[in-house]
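Each remark here refers to the structure printed beneath this line.
The values are calculated or read from the model by the stated rules, or taken from the named source; none is laboratory data. Remember, it's a predicted structure, so these values are computed and weren't measured experimentally. FYI the Cβ positions are ideal-geometry reconstructions off the backbone, even for glycines, and counts take in every protein chain you see.
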Amino acid sequence: MNIKQDYSRIAVILVEPIYGGNVGAVARIMHNFSFSDLRIVGNVPEKNDFYLAMHSEQILENVNTFSSLEAAVQNLDRVIVFSRRSGKNKSVDFTPGQMAKYVHSLPDSNIGLVFGRETYGLTDSEAKLCPLRCQFMANPSFPSLNLAQAVALALWEIYSLPMEEKEKGNKYYNSASGKELDEIRSYILEVMHLCGFFQKRETLNWDAFLAKMLVQLNPDKKMLNRLRQMFNRFKVLVTGKGLGYNIKGLPQDTAAKKQDINNSQLVHSSSNHSTHYIPDT
């Protein structure tokens, strides 16, 4: 049974597609499964093969183009890339079915589905913008799918998930936005630097780990605030000063006063509960 569904919050992002036929086929597939937000990084291919977008020309007319993948995902809360590549820092997070359930677990979040170039996929710097990775099962000796075929499989999984599966399971409402997750990740890394946590070349690996952990955790606003408070306290303990992360919703001077009170209480509490040890001789 076909049920009208609206997936306007989900963007299909094609990175520098070469063939107009693939773009036309993607537009038709999106129309088939009630998706409407098509984004292209780079130039739109020549339109001579767009006949494959039969009855779906409106999606092509409304396509948004971007100069970079970073710009294309700027206003999105979660980004999932579809890739056949795997490795030490390219772990697979989802099967297509798991990906569909994840998308439905975030009913008020804007989500991007990223598909790389037909020739070589994504660069390493582009891949870092996509913390979550989905992989299709295919013949190990020939796992590379055509671009339009990959889009069709992904959108069908989301659209065809049984209604009872869409309605049950965890639902993460009021989840932190992509911008908020980037801000807290940067702040956590800053505090880790101050603690002397990192050794040579470790920063990038931990940055990628934190990005993946946060999108899988799906913190809401309250949980995000607790994370801020926790790392504020770490920063004060390490540096002995500083306001840490600004408390949103409070004027700057009020936030500063509140943090100063918290800091003094922390120092007072630490001195009252300290234990004196006699060193071995």
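So here's what we get for this one:
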{"quantity": "For PHE66: the one exception among (1) outside the structural domain of LEU155 (by TED's automatic domain parsing); (2) within 25 Å of PRO131 (Cα to Cα)", "calculated": "(1)"}
{"quantity": "Hits in the stretch 27-43 (condition: charged (D, E, K, R) and within 15 Å of MET54 (Cα to Cα))", "calculated": "ARG28"}
{"quantity": "Residue in the stretch 170-191 that is farther than 27 Å from GLN74 by Cβ, charged (D, E, K, R) and in a helix (DSSP H, G or I) present", "calculated": "no"}
{"quantity": "Conditions (1) surrounded by fewer than 13 Cβ atoms within 10 Å (Cβ to Cβ); (2) free of Cβ contacts under 8 Å to residues at least 24 places away in the same chain; (3) not aliphatic (A, V, I, L, M); number of the one not met by PRO107", "calculated": "(2)"}
{"quantity": "Odd one out for ARG117 among (1) at pLDDT 90 or above; (2) within 28 Å of ARG226 (Cβ to Cβ); (3) of a type outside the set (Ser, Thr, Tyr)", "calculated": "(2)"}
{"quantity": "Test: residue in the stretch 44-64 that is at pLDDT 95 or above, surrounded by fewer than 20 Cβ atoms within 10 Å (Cβ to Cβ) and out of contact with any Lys or Arg (no Cβ under 6 Å at 6 or more places or on another chain)", "calculated": "no"}
{"quantity": "The stretch 216-256, residues that are surrounded by 13 or more Cβ atoms within 10 Å (Cβ to Cβ), part of a helix (DSSP H, G or I) and either outside the structural domain of VAL191 (by TED's automatic domain parsing) or at pLDDT below 55 (or both)", "calculated": "ALA255, ALA256"}
{"quantity": "Which listed residue is over 20 Å from GLU118 (Cβ atoms) and either aliphatic (A, V, I, L, M) or crowded, with 22+ Cβ neighbours inside 10 Å (or both), from LEU76, LEU38", "calculated": "LEU76"}
{"quantity": "Residue in the stretch 127-138 that is among the small types (Gly, Ala, Ser), under 18 Å from the mean Cα position of the chain (by Cα) and farther than 24 Å from TRP206 by Cβ present", "calculated": "no"}
{"quantity": "Restricting the stretch 65-112 to residues that are modelled with pLDDT under 90 and part of a strand (DSSP E or B), the residue that is farthest from MET30 (Cα to Cα)", "calculated": "GLY87"}
{"quantity": "Conditions (1) among the small types (Gly, Ala, Ser); (2) crowded, with 16+ Cβ neighbours inside 10 Å; (3) touching a residue at least 60 places away in the same chain (Cβ under 8 Å): number failed by GLY97", "calculated": "(2)"}
